[in-house]
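Coordinate-derived values only; no laboratory data. Here the structure is a predicted model, which means the values were calculated and not measured. In this analysis, Cβ positions are derived from the backbone assuming ideal geometry, glycine residues included, and neighbour counts consider all displayed protein chains.
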Amino acid sequence: MYPIIVLSVTGLLTLFLGLENPKSKWIAPGTLFFLLVALASNALDWNAPGHYFNAMIEVNNSIILIESLIILTTFFIVILSTGQFEDENAHPAEYYALMQFSVVGALIMASFSNLLMLFLGLEILSIALYVLTGSDKTNLRGNEASLKYFLMGSFATGILLFGIAMLYGSTGSFDIHAGSNLIQAHPTAKVLFFVGIVFTVIGLLFKISGAPFHFWTADVYQGAPTIFTAFMATVVKTAVVFSLYRLLATGFGFEFNLWSKVLFVVIALSLIIGNLTAVMQDNFKRLLAFSSISQAGFLLMGLVGINERTFVNLGYYSASYVLATIAGLGVLMIVSRQTIKDGRPNENVEVFNGLFKNKPGLAIVLFIAMLSLSGIPLTSGFWAKFFVFTDALRTGHLWVLVLAIMMSAVSLYYYFKPVVAAFKSGEEREIEVKPLHAGLLYVTAALIVILGVAPQIFRALFI
């Protein structure tokens, strides 16, 4: 609960720092400090479970760990962003403030116990992202992406609100824990309740890029500045996954047979559409966008096989995906800024040509990140998929596991596109890498390997 308060205040402080000097070199370090303060404040709730704001937010050790993952992810992304906003039209104070406000929304989504707080958290998260997506006013593609994201996000919010209204109308409460008793007392309201669950889940599936609610993803990922694409692909996905977990497993687990059918359809479509479409992409950010759709399908497999280890399995998968995505997009940010094509940074896969020859360290980081995303052993991505596969197998739906394995094989083709480019011959060029950025990328690559060799290091935190 404390990080929500801390980041709400520090977000405002960041704006005031920008008023005095919009280009101040202290804004990024200040944001990093604020995130560390928020992370430290999170520890105040450790071993002190409870409810806040009239029981609308719940705090326990597991939720604290997920909130810490969200804050650390943002911390890594802010490190990568240093030096990215040097253009005369950039407004770094506003960007960093909006990122902090967006994290507040993500933290609320990870800990809500009331459907109103779910809506509030989602809107705080989303509105900041609409602005950040179109923050580069000189990029017409970014402006288009921002408008698309806003329009489709607003439409999805309407669907979510309709679902929440149906749930309230059928149960008489916004509390996610009250549904089972009220439904049993009022069986005639069950149809409204079913409609409410389905529409609420659809509203959240939009944010996680689950097919067929994924049409915005590729254009927005490609159009947004890469640093905000990384933020969107990691923080948002983590927040929505655990909001779905709280909504479905904690609140509506008694209606598993209903909502699991919806998720099975979304899983199948996400795996098929995400992987087969990614094969045809030459733009690295679009490739990762369709990969994100596929990863959403894998994450949802954990939800349909709910058991006592589902929460930790989803946490491990989220951490693995965060590390690999930051590593991959981090390498792209460094290389693309120094390779201009048609007046814009070149973000096609070809930009990695000869990377191993010119910067072997970056090539190895990219290699490890792609290995993890594809689920190759000795990386965290292998265990992440193994754990959710095991959960899904508990449902007895063997076809889901077969489909997931087949699509994982397909993913090897497109994940190795940038790897092949990096290790083949290319022209010699000087690639400047800041020590801070290089250090962060090496840390993410090392963590991917460490968690791949010893996954119990992370999983033991949840015991």
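Things to note:
- Among the residues of the range 420-456, the ones that are assigned to a helix (DSSP H, G or I) and either under 18 Å from Val388 (Cα atoms) or in contact with an Asp or Glu (Cβ under 8 Å, 6 or more places away or on another chain) (or both) come to 6 in all.
- Asn143, sole failed condition from (1) surrounded by 17 or more Cβ atoms within 10 Å (Cβ to Cβ); (2) closer than 30 Å to Ala324 by Cβ; (3) over 19 Å from the mean Cα position of the chain (by Cα): (1)
- Some residue of the range 335-345 being under 24 Å from Ser62 (Cβ atoms), small (Gly, Ala, Ser) and assigned to a helix (DSSP H, G or I): no
- Pair list, Cβ < 9 Å and 6+ apart or interchain, from the range 8-37 residues that are in contact (Cβ under 8 Å) with a residue 24 or more places away in the chain and of a type in the set (A, V, I, L, M) to residues that are part of a loop (DSSP other than H, G, I, E, B) and surrounded by fewer than 16 Cβ atoms within 10 Å (Cβ to Cβ): Leu17/Ser24; Leu17/Trp26; Ile27/Asn21; Ala28/Gly83
- Residues being under 24 Å from the mean Cα position of the chain (by Cα), closer than 30 Å to Asn307 by Cβ, not in a helix (DSSP H, G or I) and not β-branched (Val, Ile, Thr) - total across the range 346-400: 3
- Taken over the range 245-277, the criterion of being among the aromatic types (Phe, Trp, Tyr) and crowded, with 18+ Cβ neighbours inside 10 Å is satisfied by Tyr245, Phe252, Trp259, Phe264.
- Considering only residues in the range 79-127 that are more than 13 Å from Val236 (Cα to Cα) and among the charged types (D, E, K, R), the one that is nearest to the chain's Cα centre (by Cα) turns out to be Glu94.
- Given (1) under 22 Å from the mean Cα position of the chain (by Cα); (2) surrounded by 15 or more Cβ atoms within 10 Å (Cβ to Cβ); (3) not basic (Lys, Arg), index of the condition Met56 fails: (1)
- Only helices (runs of 4 or more DSSP H) whose full extent lies in the range 46-150 are considered here, and the ones with at least 3 residues that are polar (S, T, N, Q) are 61-81, 92-111.
- Restricted to the range 161-256, the set of helices (runs of 4 or more DSSP H) holding at least 2 residues that are closer than 30 Å to Arg337 by Cβ comprises 217-223, 226-231, 237-245.
- Scanning the range 407-449 for residues that are without any contact (Cβ under 8 Å) to a residue 40 or more places away in the chain and aliphatic (A, V, I, L, M), we see that the one that is nearest to Val335 (Cα to Cα) is Val420.
- A search for C-beta distances below 6 Å between a residue of the range 256-269 that is aliphatic (A, V, I, L, M) and any residue that is surrounded by fewer than 16 Cβ atoms within 10 Å (Cβ to Cβ) and outside any helix (DSSP H, G or I), counting only pairs 6+ apart in sequence or on different chains, returns Leu269/Pro212.
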